[in-house]
Amino acid sequence: MCGIIAYIGDEDAAPILLEGLRRLEYRGYDSAGIITIDNAGEFELKKDVGRVQDIHNELNLLDLEGHIGIAHTRWATHGGVTQANAHPHVSNNSKIAVIHNGIVENYKDLKSLLVSKGFHFDSQTDTEVIPNLIEYWMDSKGLSFIDSTIKTLQSLEGNFAVVIIDRDSRTIVGAKNGSPLVLGVGDRKKNEFFLASDIPAFLDRTKDVVYLYDGDMVILQSESSSPRATMKGSYKILDFRARTKKPIIRPIQSVSWSLAHAAKGEFDHFMLKEIAEQVETIQKAAAQDRELVQSVTESIRNAKGVFLVASGSSYHACLSASYLFAKLASFHINTVIASEFSQYESFLKPETLVIAVSQSGETIDVLDAVKTAKEKGCHIVSIVNVMGSSLTQISHKTLLLNSGPEISVLSTKTYTAQLALLSLLAYSLAGRYEEGLSKLKFLWNIVYNLTAATTRTKIKELSTTLANHEHIFVLGRGSLYATALEAALKIKEVSYIHAEAFAGGELKHGPIAMIKKGTPIVIFVSKDTEKTILSNAMEVKSRGGYIIGIGPEPIESFDFFIKVPESNSLNPICQIIPIQILAYQLAVILGHDPDKPRNLAKSVTVR
Ligand code: F6R
């Protein structure tokens, strides 16, 4: 939800910022902008609505001069998609500029204060109060830029990541409170540093990062007007909530993600690339440190009450896994949508274990749920893809998915990685860790065939048939009910065709009224649910429905069949893959961008 990138160093800032924006576009793509400080010490600003490339074609973002600058790609929250609302936002005196991810919840109060002091506002955003408050403290109280910034940050309510640039002192400040922000430590000979919402934004320049924590404020200076104060080539981290300006030491860590992970390579879209990557990512998710899995297993076993908490696709992975925990280990896990978790607050005790599952580790609903649980003294385990993300920082233990960056807005490879890791935990809890591991290894071949070109060509035929339909229904039973929910989500979020999932048994309780001649229904079949789900298929067939069967064997009533070999408890991992491909191809046929579906953003940092 909004992408932030900042650069300071000896190279021209604009090409680095533009490339960073391109890499961050998956986080928001309503509008974008860059501001630099040119060699004469003036701000140069360009921003507009639209995709980064279109804005660049129109405005030539590369001719912004200077070695220091900040840039932003927006997913609108406060204020519509207009040029005026695009970031960066500049203070009334044109000396301070700000880019921002998150929401300033008390912006109305702050704005009224500033208006009463004579400030004017050019946008409808909450962000614009930030540069103006800094200007206000500097001018009215004679505070330095840093002190005014600290005072301003202390007055902001809500979750945010902000990057602020001061024209006169040529200083960049980044601060984080609940939204992601990471510091990249670049080539020291070039005195270069980066701040970004996500590591891929600067992965072509450095793999050395400092994960920032809530309350952290990083100061980067190119050269100060006062030579004594210069800290060119270094950085300082402070806690903006603290009374003193005592520096905080955070380690520089090297990330294992490579640039190839963040590039499309031979594929037309990241979504397709990431679907294909599942051959490896499922294996990587299963290749966990055994002791860590064992210790999480013990935490599950010893807890009095276990909750799996997540949103969207990650929630579907949890729901699917809850069937497996029940079946393999006779263990009941409460699976709760993160935004609903507060309703369960009264069940939370110090002995309760909360397992939070999130690709990004930044989903605000998940973070809120975990914070609630922590206040009640619960033990927190997280399952996350992005190392160093906010969720990892507030968890007692973290298992990493190791899927590499997922750039497409839709989760595909991280969904199956979550399933693989949760399945391993269920096997471990059942005392069958080795068996689980070897079963997961065996999936390699199945996933390879499912993602191969021949399967993709076959599914393309199906997408041509389905592209003109208004509704697609999806049925599954047991853990494949969760697969049905995930399949419907994948189809609707990228093709914009209405897709709805039902547990097979629910069909006759209402949804069957929707079936008429030609209505497409996807049915997930597995050995253990075969009898009942096929009788649901017959109910649909006799009302003229068009049945797409996904499972081990073709059945007469199927109009279209996609073979997915039986893998018993691991069926959900394999069976979703054809639907990921179908959703992708529907988007392409219908002329939608599969990597950036309308209205969606990769990580949801607003409530
Ligand atoms: C669907 C999708 C979303 C996310 C959800 C949670 O394709 O990507 O539904 O699954 O926003 O995100 P994370 O897993 O980052 O917490």
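Can you tell me which residue is nearest to the ligand (Cβ to nearest atom) among those in the range 577-594 that are open to solvent by 10 Å² or more (accessible area, probe 1.4 Å) and under 11 Å from HIS269 (Cβ atoms)? I'd like the intermediate steps shown before the answer.
The first filter runs over the range 577-594 and keeps only residues open to solvent by 10 Å² or more (accessible area, probe 1.4 Å), leaving 584-585, 588-593.
Cutting the leftovers down to under 11 Å from HIS269 (Cβ atoms) gives us 584-585, 588, 592-593.
Details: TYR584: 12, GLN585: 16, VAL588: 17, HIS592: 14, ASP593: 14 Å.
Filtering first and then ranking leaves TYR584.
For the range 64-90, what are the residues that are surrounded by fewer than 24 Cβ atoms within 10 Å (Cβ to Cβ) and either within 21 Å of the chain's Cα centre (by Cα) or free of Cβ contacts under 8 Å to residues at least 40 places away in the same chain (or both)?
If the condition is that a residue be surrounded by fewer than 24 Cβ atoms within 10 Å (Cβ to Cβ) and either within 21 Å of the chain's Cα centre (by Cα) or free of Cβ contacts under 8 Å to residues at least 40 places away in the same chain (or both), then TRP75, ALA76, THR77, HIS78 are the ones that fit.
Among the residues of the range 190-221, write down those that are farther than 30 Å from LYS151 by Cα and without any contact (Cβ under 8 Å) to a residue 40 or more places away in the chain.
THR206
Take the range 513-561 and flag every residue that is assigned to a helix (DSSP H, G or I), over 19 Å from SER479 (Cα atoms) and in contact with a Lys or Arg (Cβ under 7 Å, 6 or more places away or on another chain).
Taking the range 513-561 and keeping what is assigned to a helix (DSSP H, G or I), we get 513-514, 527-541.
The next check asks that each one be over 19 Å from SER479 (Cα atoms); those that pass are 513-514, 538-541.
The one that is assigned to a helix (DSSP H, G or I), over 19 Å from SER479 (Cα atoms) and in contact with a Lys or Arg (Cβ under 7 Å, 6 or more places away or on another chain): GLU539.
When you scan the range 68-87, do you find a residue that is in a loop (DSSP other than H, G, I, E, B) and touching a His at 6+ places or on another chain (Cβ under 6 Å), even just one?
Taking the range 68-87 as the starting set, the residues that turn out to be in a loop (DSSP other than H, G, I, E, B) are 75-87.
Imposing the further condition that a residue be touching a His at 6+ places or on another chain (Cβ under 6 Å) reduces the set to 87.
The answer is yes, given that some residue of the range 68-87 is in a loop (DSSP other than H, G, I, E, B) and touching a His at 6+ places or on another chain (Cβ under 6 Å).
Of everything in the range 20-47 that's without any contact (Cβ under 8 Å) to a residue 40 or more places away in the chain and over 23 Å from the mean Cα position of the chain (by Cα), which residue is least open to solvent (accessible area, probe 1.4 Å)?
Quick first cut of the range 20-47, residues without any contact (Cβ under 8 Å) to a residue 40 or more places away in the chain only: 22, 36, 38-40, 44, 46.
With the extra rule that they be over 23 Å from the mean Cα position of the chain (by Cα), the set shrinks to 36, 38-40, 44, 46.
On the way: THR36: 0, ASP38: 17, ASN39: 102, ALA40: 84, GLU44: 47, LYS46: 44 Å².
Across the range 20-47, the extreme among qualifying residues is THR36.
Can you tell me how many residues in the range 518-529 are surrounded by fewer than 16 Cβ atoms within 10 Å (Cβ to Cβ) and farther than 27 Å from GLY591 by Cα?
Going through the range 518-529, the residues surrounded by fewer than 16 Cβ atoms within 10 Å (Cβ to Cβ) turn out to be 518, 527.
Imposing the further condition that a residue be farther than 27 Å from GLY591 by Cα reduces the set to 527.
Looking only at that region, the number is 1.
Do the conditions hold for GLY476, that is, is it open to solvent by less than 10 Å² (accessible area, probe 1.4 Å) and away from the ligand (no atom under 15 Å from the Cβ)?
Details: open to solvent by less than 10 Å² (accessible area, probe 1.4 Å): yes; away from the ligand (no atom under 15 Å from the Cβ): yes.
When the stated conditions are applied, GLY476 passes them.
Is it the case, given these coordinates, that LEU437 is within 16 Å of LEU292 (Cβ to Cβ), in contact (Cβ under 8 Å) with a residue 40 or more places away in the chain and surrounded by fewer than 24 Cβ atoms within 10 Å (Cβ to Cβ)?
Working: within 16 Å of LEU292 (Cβ to Cβ): yes; in contact (Cβ under 8 Å) with a residue 40 or more places away in the chain: yes; surrounded by fewer than 24 Cβ atoms within 10 Å (Cβ to Cβ): yes.
Judged against the criteria, LEU437 is a match.
Under the condition of being in a helix (DSSP H, G or I) and open to solvent by less than 40 Å² (accessible area, probe 1.4 Å), which residue from the range 283-294 is nearest to SER360 (Cα to Cα)?
In the first step, residues of the range 283-294 are kept if they are in a helix (DSSP H, G or I); the result is 283-286, 290-294.
Narrowing further to those that are open to solvent by less than 40 Å² (accessible area, probe 1.4 Å): 285-286, 293.
Values: ALA285: 15, ALA286: 19, VAL293: 21 Å.
Per the criteria, the residue is ALA285.
State which residue is surrounded by the fewest Cβ atoms within 10 Å (Cβ to Cβ) when the search covers only the range 479-517 and only residues that are farther than 18 Å from CYS318 by Cα and of a type in the set (D, E, K, R).
To start, the set of residues in the range 479-517 that are farther than 18 Å from CYS318 by Cα comprises 491-500, 504-517.
Add one more test, that the residue is of a type in the set (D, E, K, R), and what stays is 492-493, 500, 506, 508, 516-517.
Numbers: LYS492: 17, GLU493: 21, GLU500: 16, GLU506: 15, LYS508: 13, LYS516: 10, LYS517: 8.
Here the answer is LYS517.
At least 1 residues that are under 18 Å from SER91 (Cβ atoms), open to solvent by less than 20 Å² (accessible area, probe 1.4 Å) and out of contact with any Pro (no Cβ under 7 Å at 6 or more places or on another chain) in each: list the strands (runs of 3 or more DSSP E) lying fully within the range 140-185 that qualify.
Numbers: elements: 160-166, 171-177, 182-185.
Passing ranges, in order: 160-166, 171-177.
Please enumerate the residues belonging to the range 186-225 that are acidic (Asp, Glu) and not in a loop (DSSP other than H, G, I, E, B). Explain how you work it out, then say what you get.
Here is the first cut: in the range 186-225, the ones acidic (Asp, Glu) are 187, 192, 198, 204, 208, 214, 216, 223.
Residues satisfying the conditions are ASP208, ASP216.
Kindly indicate the residue of the range 460-473 that is assigned to a helix (DSSP H, G or I) and out of contact with any Ser or Thr (no Cβ under 9 Å at 6 or more places or on another chain) and also surrounded by the most Cβ atoms within 10 Å (Cβ to Cβ) among those meeting that condition. Show your work before the answer.
Restricting attention to the range 460-473, the residues satisfying the condition of being assigned to a helix (DSSP H, G or I) are 460-466.
Still in the running and out of contact with any Ser or Thr (no Cβ under 9 Å at 6 or more places or on another chain): 460-462, 464-465.
Values: LYS460: 16, GLU461: 11, LEU462: 21, THR464: 12, THR465: 14.
Result: LEU462.
List pairs: first residue in the range 593-605 and in the same structural domain as LYS492 (by TED's automatic domain parsing), second residue near the ligand (Cβ under 9 Å from one of its atoms) and not hydrophobic (A, V, I, L, M, F, W, C) anywhere in the structure, Cβ distance under 6 angstrom, at least six positions apart or on different chains.
From residues that are in the same structural domain as LYS492 (by TED's automatic domain parsing), the pairs are ASP595/SER408; PRO597/GLU493; SER603/SER360; SER603/GLU362; VAL604/THR363; THR605/GLU362.
Are any of the residues in the range 267-278 assigned to a loop (DSSP other than H, G, I, E, B) and within 30 Å of PRO350 (Cα to Cα)?
Going residue by residue through the range 267-278, those that are assigned to a loop (DSSP other than H, G, I, E, B) are 267-269, 277.
Among the residues that remain, those that are also within 30 Å of PRO350 (Cα to Cα) are: none.
No - not one qualifying residue is present in the range 267-278.
Go through the range 488-522 and give me each residue that's within 16 Å of the ligand (Cβ to nearest atom) and among the basic types (Lys, Arg).
Listed by number, the residues that qualify are LYS490, LYS492.
The values are calculated or read from the model by the stated rules, or taken from the named source; none is laboratory data. This one's a predicted model, so the numbers in the text were calculated from it and none came from an experiment. All Cβ positions, even for glycine, are placed from backbone atoms using ideal geometry, and neighbour counts span all protein chains on display. We work out accessible area using only protein heavy atoms, side chains counted, and drop any ligands, DNA or RNA first. Shrake-Rupley method; radii C 1.70, N 1.55, O 1.52, S 1.80 Å.
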